[in-house]
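Below is one structure; the comments refer to it alone.
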Amino acid sequence: MPHATFPTSLGTCAIAWADSGLTRFLLPDPERRSGGDTEAEPPDWVRAIVNRVQRHLAGEWQDFSDVRYDFKRVGEFNHSVLQATLSIKCGQTVTYGEIATSLGLPAAASRAIGSALGANPWPLLIPCHRVIAATGKMTGFSGPGGVSTKVRLLAIEGAQLVTE
C-alpha cells in the first residue's frame, strides 16, 4: 500500500492510500522516521490532503468531511461511529454518549463508541479528539502522546477546555 510521510508544525505525520481512498493517517510520533525508499509520491488528491493537514496543524482550520476514506476497511458499527464523528466541527466537543444517542443507541453504549474511536484509522481527519467524557474530562486518545495530544489538538482548534 503506498504511503508517505510529511512534516507539520507538530512533527512528522504519515498517510497511506489506495485507489478506493485514504486507508490510514498517523499523527506525529517522536519515534517515526521517514519511510525512505518505501515511500511513494502521493497523487494530487492525497497531496491536497497533506497540504490541508499542514495548514490545519498550523492553526488554519480545515474540515476533512469531504475526504474519500476507504471505509471498507472498518466494520459497519465503526463506520457509523466514524461518520457521526465527521460532523463535529472545529472548536466543538461532544460526549461519547451524545454520539451513541445520535446513532439511536442508549448513552450507555458510550464504551462501544470509545472502542470504535480508539480504532479510528484516520485520527485528526475524522476528529475523534473532539469526543470527551460526559464529565467534560479529557479521556481516551489512542494517538501518540495520548490525552496530552488530544488537548493540544483541541487547543489548536480553539475549543473551550475546562481546567480541573
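Could you order the peptides 43-49, 114-120 from most to least packed, using the average number of other C-beta atoms within 10 Å per residue?
Sorting 43-49, 114-120 by mean packing, highest first, produces 114-120, 43-49.
State the volume of the convex hull built on the alpha-carbon positions of the stretch 3-57, expressed per residue in Å³ and rounded to an integer.
71 Å³
Can you give the helix-only mean residue ellipticity at 222 nm for the chain, where every DSSP H stretch with n ≥ 4 adds -39500 (n - 2.57) and the sum goes over all residues, rounded to the nearest 500 deg cm²/dmol?
-9000 deg cm²/dmol
What dipole magnitude, in Debye to the nearest 20, does the chain give about its Cα centre under +1 on Lys/Arg Cβ and -1 on Asp/Glu Cβ?
320 debye
Angle, helix 146-156 long axis vs. longest principal axis of the chain, Cα atoms, 0 to 90°, nearest 10?
Between the helix axis and the principal axis of the chain, the angle is about 80 degrees.
Add +1 for every Lys or Arg and -1 for every Asp or Glu among the other residues with Cβ under 9 Å from the Cβ of THR23, and state the total.
That sum, taken over residues with Cβ under 9 Å, equals +1.
Can you compute the modelled spin-label distance between ASP63 and VAL151, with each label point 7 Å from Cα toward Cβ, in nm?
Once both label points are built, they end up 3.0 nm from each other.
So if I take the centroid of the Cα atoms in the stretch 110-162 and the same for the stretch 5-81, what is the distance between those two points in Å?
Centre-to-centre distance over Cα atoms comes out at 17 Å.
Which one, ALA84, SER110, VAL131, is farthest towards the positive end of the dipole of the stretch 74-156 when Lys and Arg carry +1 and Asp and Glu -1 on their Cβ?
Highest projection toward the positive end goes to VAL131.
A short reminder: the numbers here are calculations on the coordinates, not readings from a lab. None of the values given here were measured: they were computed from a predicted structure. Using ideal geometry, Cβ is built from the backbone for each residue, glycine included, and neighbour counts are taken over all protein chains shown.
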